[in-house]
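Notes to accompany the following structure.
The values are calculated or read from the model by the stated rules, or taken from the named source; none is laboratory data. Keep in mind it's a predicted model, so treat the numbers as computed, not measured. Note: ideal-geometry Cβ built from the backbone for every residue, glycine included; neighbour counts use all protein chains shown. Protein only, heavy atoms only, side chains kept; ligands, DNA and RNA dropped before computing areas. Shrake-Rupley method; radii C 1.70, N 1.55, O 1.52, S 1.80 Å.
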Amino acid sequence: MTNIGIYICHCGTNIAGMIDVEELARKAAKLKDVSVVKDYRYLCSDPGQDLIKEDIRSMDLDRVVVAACSPRMHESTYRKVLSEAGINPFLLEIANIREQASWVHSEKEKTTEKAFDLVRIAVAKVKKDESLESLPADVIQRVLVIGAGIAGIQTSLDIANIGYEVVLVEKEQSIGGRMSQLGKTFPTLDCSACILTPRMVEVSTNPKIRLHTYSEVEEISGFIGNFHAKIRKKSRGLNPDLCTGCGECTARCPTKVPGEYDEGMGKRKAIYTLFPQAVPNVPVIDRANCVYITKGKCGICKKVCPAGAIDYELGDEIVEEEVGAVVVASGFDPFDPTSKEELGYGRYKNVITGLQLERLLHTAGPTKGEVIRPSDGAVPKRIAFVQCVGSRDEHANKYCSRVCCMHAIKNALLIKEHHPDAEIFIYYIDIRAFGKGYEEFYKRTQEHGIKFMRGRVAEIFEENNGNVVVRADDTLLGMVMENEVDMAVLSVGMVPRSDSAKIQKLLGIATGSDGFFMEAHAKLRPVETLVDGVFLAGTAQGPKDIPDTVAQAKGAASSALGVISHKVLELSPLISEVDERLCRGCGDCKDICEYGAIELITLDSRNAARINPALCKGCGACTVACCNGSIKLRNFTDTATFAMLEAVLGGEA
Amino acid sequence: MQQVKRWLVIEMKSMLVIGGGIAGIQSALDLADRGFHVYLVEREPSIGGHMALLDKTFPTNDCSMCILAPKMNECNAHPDIDILSYSEVAGLSGEAGDFSARVMRRARYVNEDKCTGCGECRARCPSKVPNEYNSNLDTRKAIFLPYPQAVPRVMTIDKDHCIYLTKGKCGVCRKVCSAGAVDYEQEDTFVDLDVAAVIVSTGFELFDPSQMPEYGYGRYANVITAMQYERMICASGPTSGHLETSPAKQHPEKIAFIQCVGSRDMQHNPYCCSVCCMHAVKESILAKEHYDESQSYIFYTDLRATGKGFEEYTARAEKDYGVQYIRSRPGQITEDAGTKKLTVWYDDTVNRKVKGLEVDMAVLCTCLVPAKGGEKLAKILGIEIDESGFFENMDELTSPLDSKRSGIFIAGYCQSPKDIPESVAQGSGAAARAAEVGSA
């Protein structure tokens, strides 16, 4: 015998304002097999939950329908209620009368009718629901962190310090990321390397962290608690175990090419490390520019290496790792301003980017901290900063990159400290000094005589002497102004890392319209993704500054630990299952499955589909693809669907 | 949704979280899910903090309570979380890994174990007082629940306004309580808790704009704060989601939002509170959604739309909701004594003219300042606060969540101005740091 209870939530006036809940309750009470109907102001509150529990116990209810908000909000709350009251949590249906009725309609009578339809559909379905049990799955207590900038470093250290193992993969030859390129950081003007390098060393010496540098993740399979990763360790052209990092090879290498790490402002050798404090301190042979590899001549580095580490023939190596959770901390790329032709980057020598200026200002950079302009090496006396290049721009990226205001202000202040007579102009739309101590820092810069010009730069053009003229609409004077300066610095925004599409595919995570990885919920799940067991840290999720990145990285560590600190996870039983006796083994389901959850097995010398319960998300695509109905999605069977249709089309449920 | 089973290998240590807003809730849940026992201490009768008072949240316009309430309930239902509401930390001794915290449990004159939250007492209580949870826009009783979704759902008697407690008469609530939960004899009690680490997440309160007489708050009926606006536009608020001007009781057609009231201001608070720009954009979108004929003006210094999706949100407000952004910091607001309409006087920095704009309602987007009592708490805990009242961290770049005392961590607005996602991320981050101490 079926004994159903229906509970209708007012949600304050959210539901009760547009639905006549008393009328709805009256109608619902007449449905077959319904023993009790109650309405309540806030069902999700404790007394609301207690009301349901009490009825289940005292009236022997065996199934429950809750007419309230979307199941995304409180399905788990009410499942727990059923469980605690002693009945199977899957004998519950939610009729979403808020998002699907009261919030989207404006005629009370008709909305009430529709709400009743939703309720009787739910009643029809709940009668067909079966009791289900969660599935246990073992957890590998280790985390894979992709990217070893400050975010990845922080996440790894936080996890390792609690005592769990970390596999840290970095694409570049050294860890450190973008932060290692910076000289000083705002607003404290701390030396970036002084705070970063101790952490880098900590990573390399922590026995719980297995570091793969100059490596890329090529393949990830599996599911929460049980991921399997294939990692390609690219050949450095030398044996890292033998190399002592003495630097003799780099010193003697005859080839010089523009250095990527210096943003093209300086030169590096064909065998090189990124910077003196690189971790690991092992060079890489740039195969595209090495004279021996391209022309078969030279071989100097091999001759001078006292450790005999150089091996031009050394190939890539594939390593495999098993982990329970993944944290993506792949960082950002600076926006390439070449596409903003009006600003002349790439055509005019004295138009550089903010990151290039950063390298010039860096005491360990190509000019040892001296700001000179590229065309003639002169010290620029008049400098213009152009904000929002590629950001807040309909033609490039609509979003704000969040750090460029403070970055420009910091660099302007540093130049002013070196050269008090320098004249500095910052062209801005809004000055976004929003972080701790930022507004105060901005104020201080103004007191140093740096001029803030409110207006977007329309064009930059070059004079014969190499100077550039910045043309902008000064919105405070209401005039178009031209300003000849010695050098213009473009404050370029952040864009998703060039290989982020590859990482997205590897993990099956989503990206937003801005191209950054999407978090599971903008407000309350900022470090999770919609793929269970995969988390985000740092600028891979969206532009942010260093403190926000560090805080978020700690959050990602905490969330990943939430998975791997358990030895067993319980997986949702709402998944598809195959009736192997009926299955013809055609494989259509395998092709359509987005999650790689289906494989074909041989069963009594014929093919049949089998579903991996840990990978199946219960989307139901396979049930539709199946040609003879041998796959069923638990509690979403054809029988249930027909019953639901009948309830709403055929009148009485 | 997957449910994670707890796995207790060894007896786990306990943690103290001070402040039950969204940051503290997140810390508590993260720690409890990892098997630690958490004491969540909240000064107010209910956890939830300021997020519980918001209508919608930017930039997704999610209903705030709809996403917060499940977390509040999860805290309540979690076997490893003890909520100590209406309580304050009174002392702390020991060191990281082995603290002893003394918590004062203020007398709520209602037995928490007996009260069912039925509300009969409240219905019959004769004493009405301004309702601080609705920004004093309506009244509550002397025995009250802050809001319907309050956690724990237990009544509290406001002893300053209870007639029985002040004058020895009345006693109606005790008479009508069928659970026998009302206890006028209750006294403040102290409990000592052994904890491995402490997370401080005490949040913020709002700057009082009556300190800026030029805007007429408190004198002009139609000058309100952004929080009052938030409560009015909230369907479960005192006006059931209706904006009304005074005394005409009409929907406002023209609404001015004044940014940076008490922030970025050397006379009050020098810092930017980082959320008010977006808050005003959201409120102006809501105004248009409620009243199609309404027109919003946002008077801003710099429009700081810095978070994910924020720039797109402000653009949408302008394009689809007709919000007008005016770059200016108004000098004064005046009132027409007859119509009670307001004129916002401002320097139009684009046209370089002083102008006046007549509006029906002016909303002051006030600064968020660190919650009161921060100085006292800092002394009790032995941590430091900066000149603006935020708790100091070890290093803003590398240890943003570590206070200057080992084993004590800080998260959320009390650490520095921030929005909800940043508070949640920090709440989780502080939990990771606390767990490190607890696992040592």
*asked:* Among (1) within 14 Å of chain A (Cβ to nearest Cβ); (2) within 27 Å of the chain's Cα centre (by Cα); (3) part of a helix (DSSP H, G or I), there is one condition B:Gly307 misses while meeting the rest; what is its number?
replied: (3)
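Any chance the range B:429-437 includes a residue that's open to solvent by 10 Å² or more (accessible area, probe 1.4 Å) and more than 9 Å from chain A (Cβ to nearest Cβ)? Don't jump to the end; show me each part of the working.
Step one: filter the range B:429-437 for residues open to solvent by 10 Å² or more (accessible area, probe 1.4 Å), giving B:433, B:436-437.
Subset that is more than 9 Å from chain A (Cβ to nearest Cβ): B:437.
Within the range B:429-437 (the criterion being open to solvent by 10 Å² or more (accessible area, probe 1.4 Å) and more than 9 Å from chain A (Cβ to nearest Cβ)), the answer is yes, since at least one residue qualifies.
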*Keeping to the range B:341-375, report how many residues are within 17 Å of the chain's Cα centre (by Cα) and within 29 Å of B:Glu88 (Cα to Cα).*
9
*Any idea how many residues of the range B:121-145 are buried (at least 16 other Cβ atoms within 10 Å of the Cβ) and either of a type in the set (Lys, Arg) or in a helix (DSSP H, G or I) (or both)?*
6
*Taking B:Met72 as meeting all but one of (1) open to solvent by 10 Å² or more (accessible area, probe 1.4 Å); (2) more than 8 Å from every other protein chain (Cβ to nearest Cβ), write down the number of the exception.*
(1)
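Of the residues in the range B:395-428, how many are of a type in the set (A, V, I, L, M, F, W, C), within 17 Å of B:Met51 (Cα to Cα) and more than 8 Å from chain A (Cβ to nearest Cβ)? Let's see the steps before the verdict.
Step one: of the range B:395-428, the residues of a type in the set (A, V, I, L, M, F, W, C) are B:397, B:401, B:408-411, B:414, B:420, B:424-425.
Applying the additional criterion that residues be within 17 Å of B:Met51 (Cα to Cα) yields B:411, B:414, B:420, B:424-425.
Filter once more, keeping what is more than 8 Å from chain A (Cβ to nearest Cβ): B:411, B:414.
Residues in the range B:395-428 being of a type in the set (A, V, I, L, M, F, W, C), within 17 Å of B:Met51 (Cα to Cα) and more than 8 Å from chain A (Cβ to nearest Cβ): 2 in total.
Please determine whether any residue of the range B:382-394 is at the interface with chain A (Cβ under 8 Å from one of its Cβ atoms), touching a strand residue (DSSP E or B) at 6+ places or on another chain (Cβ under 9 Å), modelled with pLDDT under 95 and open to solvent by less than 20 Å² (accessible area, probe 1.4 Å). I'd like the intermediate steps shown before the answer.
Keep residues of the range B:382-394 that are at the interface with chain A (Cβ under 8 Å from one of its Cβ atoms), which gives B:390.
From what is left, the residues that are touching a strand residue (DSSP E or B) at 6+ places or on another chain (Cβ under 9 Å) are B:390.
If we keep only those that are modelled with pLDDT under 95 too, we end up with none.
The answer is no; no qualifying residue exists.
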*Please give the number of the condition A:Lys502 fails out of (1) loosely packed, with under 15 Cβ neighbours inside 10 Å; (2) of a type outside the set (A, V, I, L, M, F, W, C); (3) in contact with a Lys or Arg (Cβ under 6 Å, 6 or more places away or on another chain); (4) not assigned by TED's automatic domain parsing to the domain that holds A:Glu358.*
(3)
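Please pick out the residue among A:Ala137, A:Ala151, A:Ala193 that is modelled with pLDDT under 95 and within 20 Å of A:Ala278 (Cα to Cα). Talk me through it step by step, then tell me what you get.
Working: A:Ala137 fails: within 20 Å of A:Ala278 (Cα to Cα); A:Ala151 fails: modelled with pLDDT under 95.
Of A:Ala137, A:Ala151, A:Ala193, the one residue that is modelled with pLDDT under 95 and within 20 Å of A:Ala278 (Cα to Cα) is A:Ala193.
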_I need every pair where a residue in the range A:254-273 that is closer than 27 Å to A:Phe335 by Cβ and in contact (Cβ under 8 Å) with a residue 24 or more places away in the chain has its Cβ under 9 Å from the Cβ of a residue that is polar (S, T, N, Q) and in a strand (DSSP E or B), sequence separation at least 6 or different chains._
A:Glu263/A:Thr353
*Test A:Val119 against the stated conditions and say whether it is in the same structural domain as A:Lys27 (by TED's automatic domain parsing), part of a strand (DSSP E or B) and touching a helix residue (DSSP H, G or I) at 6+ places or on another chain (Cβ under 7 Å).*
no
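For every residue, the table says whether it meets (1) in contact with a Leu (Cβ under 9 Å, 6 or more places away or on another chain); (2) within 14 Å of another protein chain (Cβ to nearest Cβ).
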| site | (1), (2) |
| --- | --- |
| B:Glu230 | yes, no |
| B:Cys234 | yes, yes |
| B:Ser240 | no, yes |
| B:Ile255 | yes, no |
| B:Cys260 | no, yes |
| B:Arg264 | no, yes |
| B:Val275 | yes, yes |
| B:Gln295 | no, no |
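Table: residues versus (1) crowded, with 23+ Cβ neighbours inside 10 Å; (2) of a type outside the set (D, E, K, R).
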position: B:His290; (1), (2): no, yes
position: B:Gly309; (1), (2): no, yes
position: B:Arg316; (1), (2): no, no
position: B:Thr334; (1), (2): no, yes
position: B:Ala337; (1), (2): no, yes
position: B:Lys353; (1), (2): no, no
position: B:Leu364; (1), (2): yes, yes
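For the range A:547-575, which positions are within 7 Å of chain B (Cβ to nearest Cβ) and either touching a Phe, Trp or Tyr at 6+ places or on another chain (Cβ under 9 Å) or hydroxyl-bearing (Ser, Thr, Tyr) (or both)? Full working, then the answer.
Our first condition is that a residue be within 7 Å of chain B (Cβ to nearest Cβ); within the range A:547-575, this holds for A:547-548, A:550-552, A:554-555, A:557-559, A:561-562, A:565-572.
Within the range A:547-575, A:Gly555, A:Ala557, A:Ser558, A:Ser559, A:Leu561, A:Ser565, A:His566, A:Lys567, A:Val568, A:Leu571, A:Ser572 qualify.
Which residue out of A:His228, A:His212 is surrounded by fewer than 16 Cβ atoms within 10 Å (Cβ to Cβ), within 27 Å of the chain's Cα centre (by Cα) and more than 14 Å from chain B (Cβ to nearest Cβ)?
On the way: A:His212 fails: surrounded by fewer than 16 Cβ atoms within 10 Å (Cβ to Cβ).
Just one listed residue meets the conditions, A:His228.
To keep it simple, each residue is scored yes or no on (1) closer than 19 Å to A:Leu92 by Cβ; (2) within 14 Å of another protein chain (Cβ to nearest Cβ); (3) out of contact with any strand residue (DSSP E or B) (no Cβ under 9 Å at 6 or more places or on another chain); (4) of a type outside the set (D, E, K, R).
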| residue | (1), (2), (3), (4) |
| --- | --- |
| A:Ala28 | yes, no, no, yes |
| A:Ser45 | yes, yes, yes, yes |
| A:Ile52 | yes, yes, no, yes |
| A:Arg63 | yes, no, no, no |
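Go over the candidates A:Gly354, A:Gly346 one by one and state the one that is of a type outside the set (Val, Ile, Thr) and open to solvent by less than 40 Å² (accessible area, probe 1.4 Å).
Values: A:Gly346 fails: open to solvent by less than 40 Å² (accessible area, probe 1.4 Å).
The unique qualifying residue is A:Gly354.
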